[in-house]
Amino acid sequence: MAQQELAIDGGPKVRETPFPPRALLGEAERAAALALFDQAIASGQAFGYNGPPEQQYEKDFAAFMGGGFADAVNSGTNALYCALGALQLEPFSEVIVPAITDPGGIMPVPLLGLVPVVADTDPRSYNTTADAIEAMLSERTRAIVVAHIGGDSVDMDPVLALAAAHGLCVVEDCAQSQGALYKGRRAGTMGHIAAFSTMYGKHHCTGGQGGMVYTRDEELYWRARRFADRGKPFGIPTPAGNVTAGLNCNLNDLAAAIGSAQLRRLPEILAARIRVGNAVRDGLAEHPAVRVGWQVPDSQSTYWFLRLHVRAEALRVDKARFCQALAAEGIPVVPAYRAIPAEYPWFRERRVFGTGGFPWTCGDYTGPREPQAKIANAIHAVETHCNIGIHENCAAPEIEAILNAIGKVTRAYRR
């Protein structure tokens, strides 16, 4: 059979129509929002925050996680900010943070007067490792933030063992990984406290933006809740006014009503993403040049995106050209996930508070004056992987298109 001409060279596309829209919001969410408006109109009282809808959403979230305590906040970044705030770390404590993450996965650290120290990734994935974390520890380290990127779990047992040996708190950043499993445990249930994002692109949403702080430690829950609402004395038997400084990071009842409706759909959302991701993973299991990126054994990704490892040495073109050809075939591909905050100006130039370089340059901090980061493996991971956008509304036709397009492009470019 003659080799079919690539679409990038003028041939027919594998997929002529775009992938289907996600269709995350539907009638259930609309009904929940309208019911809240109807109630407000009938009563004459505007809905607010911390009311019955938000309390219900937090209960629903904790139930999904298998128990524990949840406090809804207004973004994933603020979820991490409040989770760290709950730890009540002393100023200038060092916090180990991941090399690959959203900027909001690191920025809360210096904004709390703490010093972020960047630990590298496993070169096979976007996630950090216990060894990479251990290489960055010092006598000033007090906490570790691990991010489960793209729905893939970090190898948590070695991280937890390392943290226990050094008396460190572990914060799980689950913004991209709700429902992911590691040895049967849900992401967010293994560390001391966890942060989730519920913005419109995540596994479930509360509208445009939102987040959740989750923990199984009741005292940490109360600390997080106080910190998220200007130090109000929640959980204190005899309150005498606000007990700590904090910002207003509250969610609101309208977003929470949407969130509860979304949570009822979350199991089917996760199951559909897993079906698509696992099918592509299995379909590429013996592929000579492209496979789904390495995942920790005995784990289950929930595929916020589909991470592919491209073996450029098996091809006659580089990864960038391979991805261009794949995109031309109608596959939504991101050639490089360059989410490495240590490369960004704010981190390199210490732009947090004015121009003085605080907290790194403060006389009370005894560590290095320049930001510390190891990112060689992270760069390698970014340069050898690409991402394909999938979601729960994808199905057999999209799986087939992904596999066929990868096969077609590989045949054309294979050595």
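Observations
- Contact annotation: residue pairs with Cβ atoms under 7 Å, 6 or more positions apart or on different chains, pairing a residue in the range 394-415 that is modelled with pLDDT under 95 with a partner that is surrounded by fewer than 15 Cβ atoms within 10 Å (Cβ to Cβ) and assigned to a helix (DSSP H, G or I), are Arg415/Ala314.
- Criterion applied to Leu34, Leu112, Leu87 was being over 24 Å from Trp222 (Cα atoms) and surrounded by fewer than 24 Cβ atoms within 10 Å (Cβ to Cβ), and the one residue passing it is Leu34.
- Any hit, the range 261-276, residues being part of a loop (DSSP other than H, G, I, E, B) and at pLDDT 95 or above: no
- The number of residues in the range 21-50 being under 19 Å from Gln209 (Cβ atoms) and touching a residue at least 24 places away in the same chain (Cβ under 8 Å) comes to 11.
- Meets criteria (closer than 22 Å to Val159 by Cβ, at pLDDT 95 or above and not in a helix (DSSP H, G or I)) for Pro91: no
- When residues of the range 94-109 are limited to those that are in a helix (DSSP H, G or I) and small (Gly, Ala, Ser), the one surrounded by the fewest Cβ atoms within 10 Å (Cβ to Cβ): Gly104
- Selection of the range 192-241 for residues being over 19 Å from Leu89 (Cβ atoms) and of a type in the set (Lys, Arg) yields Lys202, Arg216, Arg230, Lys232.
Residue by residue, here is whether (1) touching an Asp or Glu at 6+ places or on another chain (Cβ under 9 Å); (2) not aromatic (Phe, Trp, Tyr); (3) not in a loop (DSSP other than H, G, I, E, B) holds:
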residue	(1), (2), (3)
Leu34	no, yes, yes
Asp38	no, yes, yes
Asp60	no, yes, yes
Gly67	no, yes, no
Ala70	yes, yes, yes
Leu80	yes, yes, yes
Val117	yes, yes, yes
Arg124	no, yes, no
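- So Tyr221, is it of a type in the set (Phe, Trp, Tyr), assigned to a loop (DSSP other than H, G, I, E, B) and either in contact (Cβ under 8 Å) with a residue 60 or more places away in the chain or in contact with a Phe, Trp or Tyr (Cβ under 7 Å, 6 or more places away or on another chain) (or both): no
- For Arg351: the one exception among (1) without any contact (Cβ under 8 Å) to a residue 12 or more places away in the chain; (2) in contact with a strand residue (DSSP E or B) (Cβ under 6 Å, 6 or more places away or on another chain): (2)
- In a residue-by-residue description of the range 299-307, the property of being polar (S, T, N, Q), in a helix (DSSP H, G or I) and buried (at least 16 other Cβ atoms within 10 Å of the Cβ) applies to no position.
The values are calculated or read from the model by the stated rules, or taken from the named source; none is laboratory data. None of these values were measured; they are calculated from a predicted model. Note that each Cβ is placed from the backbone with ideal geometry, even for glycine, and that neighbours are counted across all protein chains shown.
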